[in-house]
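First the structure, which I've put down as C-alpha cells, then a few questions once you've had a look.
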Number of protein chains: 2
Amino acid sequence: MALAKNASLEEIRIRDMMDEWVEAFETKDLDRIMSLYADDVVAYDLMPPLQYRGKDAYRKVWQDGLSMMRGELRVEIHDQHVSVDEELAYGHILSHFQGKDLDGNDIDVWSRVTDCYRKIEGRWLVTHEHTSVPIDMKTGKGMMDLRP
Amino acid sequence: MALAKNASLEEIRIRDMMDEWVEAFETKDLDRIMSLYADDVVAYDLMPPLQYRGKDAYRKVWQDGLSMMRGELRVEIHDQHVSVDEELAYGHILSHFQGKDLDGNDIDVWSRVTDCYRKIEGRWLVTHEHTSVPIDMKTGKGMMDLRP
C-alpha cells in the first residue's frame, strides 16, 4: 500500500511537470522550459533534423520555435496518460497549440507529445521527448489541421 | 548488485523485443508484430488520425501499412537507447525502412520510433508507440528523405 501511495504521489509530480511545461511555454520562459530537461535529453522534434542530442541543442530549437511566434500563446493538454515506476516514468498527451506567427497569421495545431522521465538525484527530469503530427500519405503534407 | 544484474537482463529482453519487431516487420508477420503490444496500447502513428487507441485499431493500421508494400522489406535500427525499471521501460530508435510500394517505386525512409513498455503478468508489452518524421516548416511536407 505504501508503494501505491507513493506511486500516486509521483504521478502527481509528473502531471505537475506537464502543467509547468504548459505555463512556461505560454509565458515563453525558455529557462523554465529547459529546467524540465535532463542534460542528456534526446528529442525527436516537429522540426528537423531527425534528432536533437543534449540540452544545448534542444534549447536552440525551443528558442527558434518561440521566436517564430508573436503575442499570446495558448497550450492545452488533452487525453493525458501518465505511468510511473521507481526511477522511470512516461507520459503522453495530445497538445492543442494556438497562437500567431510573426506575420500575425493564426496558428492552431494539434500535435502528439510523448515524454520519458528519469529520477535523477531525487528529481524527475525529461530524458526523451517526441513531438509530431501525422503525415497525409497522398499529399506528403504534415497534417497540422487534424482535430481529435 | 543483484538489481543491476537484473536490470541488465531486462534491458536485453527489451532489445530482443525490438529485434523481434524488426524480424516480424520484415517478414510481414502481422500476428507476430501484434503479439508485442498490450491490449490497451495507445499509438501515435505516421498515418492519421492523431491517435489509435487499443490493439484492434492499431492492428488495422499495421495491416493497411503492410498491404501498401510489395516484395522484400528491410528495417534497420540505429541510435538505439533503452532504459529499464522494475515495471516500466522505454526505448527509442531511428528506423531506416527500405522497400517498394505497389507500383514498384522505391521507399527509403528514416523515421523516429519511441516505445514505452509495461511488464504485464511477467511479460514486457508495448503500451505506447510513437512514430514520426519531422516537418519542413517552409513547405509543410513530411520529411521522408531525411538522413541522420
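Throughout, read-outs are computed from the coordinates displayed, never taken from laboratory work. Quick caveat: nothing in here was measured; it's all calculated off a predicted structure. Cβ sites come from the backbone with ideal geometry, for glycine too, and all protein chains shown count toward neighbours.
Based on alpha-carbon centroids, what's the gap between the range A:34-62 and the range B:54-114 in Å, whole number please?
23 Å
Let me ask something else about it. Partner chain Cβ atoms within 10 Å, averaged over the residues of A:134-145 - can you pull that number for me? Write out the running numbers ahead of the final one.
Numbers: counts 11, 12, 5, 9, 0, 3, 7, 6, 11, 7, 3, 0.
The per-residue average across the peptide is 6.
Please give the helix B:2-26 orientation as an angle from the longest Cα principal axis of chain B, in degrees from 0 to 90, rounded to the nearest 10.
Around 30 degrees separate the two axes.
Here's a follow-up. Based on the alpha-carbon gyration tensor of the range A:72-139, what equivalent-ellipsoid semi-axes (square roots of 5 times the eigenvalues) come out, in whole Å, largest first? Mind dumping the intermediate values first?
On the way: eigenvalues 167, 48, 22 Å².
Sorted largest first and rounded, they come to 29, 15, 10 Å.
For chain A, take the longest principal axis of its alpha carbons; what is the angle in degrees between that and the long axis of helix A:55-67, to the nearest 10 within 0 to 90?
40 degrees
Pairs A:60/B:119; A:28/B:138; A:28/B:119; A:55/B:138: which are spaced more than 32 Å apart, C-alpha to C-alpha?
Over 32 Å apart, Cα to Cα: A:60/B:119; A:28/B:119.
Sticking with this structure for a sec: Would you mind calculating the relative contact order of chain B from Cα pairs under 8 angstrom and at least 6 residues apart, reporting the percent as a whole number? Don't skip to the answer; put the middle values down first.
Values: 252 pairs, mean separation 29.6, N = 148.
20 percent.
Whole number please: convex hull volume per residue, Cα atoms of the protein assembly as shown, in Å³.
Enclosed volume per residue, from the Cα hull, is 132 Å³.
Report the normalised scattering of the range A:1-80 as log10 I(q)/I(0) at q = 0.17 Å⁻¹, calculated by the Debye formula with identical scatterers on the alpha carbons.
With one equal scatterer per Cα and no solvent, log10 I(q)/I(0) is -0.79.
Let me ask you something else. Using alpha-carbon pairs under 8 Å, 6+ residues apart, how would you state the relative contact order of the range B:35-113 in percent?
With pairs under 8 Å counted, the relative contact order is 21 percent.
Okay, moving on. Work out the mean other chain Cβ neighbour count within 10 Å for the residues of A:112-120 and drop it here as an integer. Write out the running numbers ahead of the final one.
Numbers: counts 8, 2, 11, 3, 11, 3, 3, 1, 0.
Per residue, the average neighbour count from other chains is 5.
With 10 Å bins from zero, work out the P(r) of chain B over every alpha carbon pair and list the percent per bin.
11, 39, 36, 12, 3, 0
If you stretched the chain out fully between residue A:8 and residue A:63, how much longer would it get, using 0.36 nm times the residue separation minus the C-alpha to C-alpha distance?
Separation in residues times 0.36 nm, less the Cα-Cα distance, equals 16.4 nm.
Which distances, shortest first and in nm, link residue A:74 to the matching position in the other copies, using label points set 7 Å out along Cα to C-beta?
Residue A:74 label point versus its equivalents elsewhere: 5.0 nm.
Under a GNM of chain A (C-alpha, springs under 10 Å), which listed residue has the highest mean-square fluctuation: A:100, A:55, A:138?
A:138
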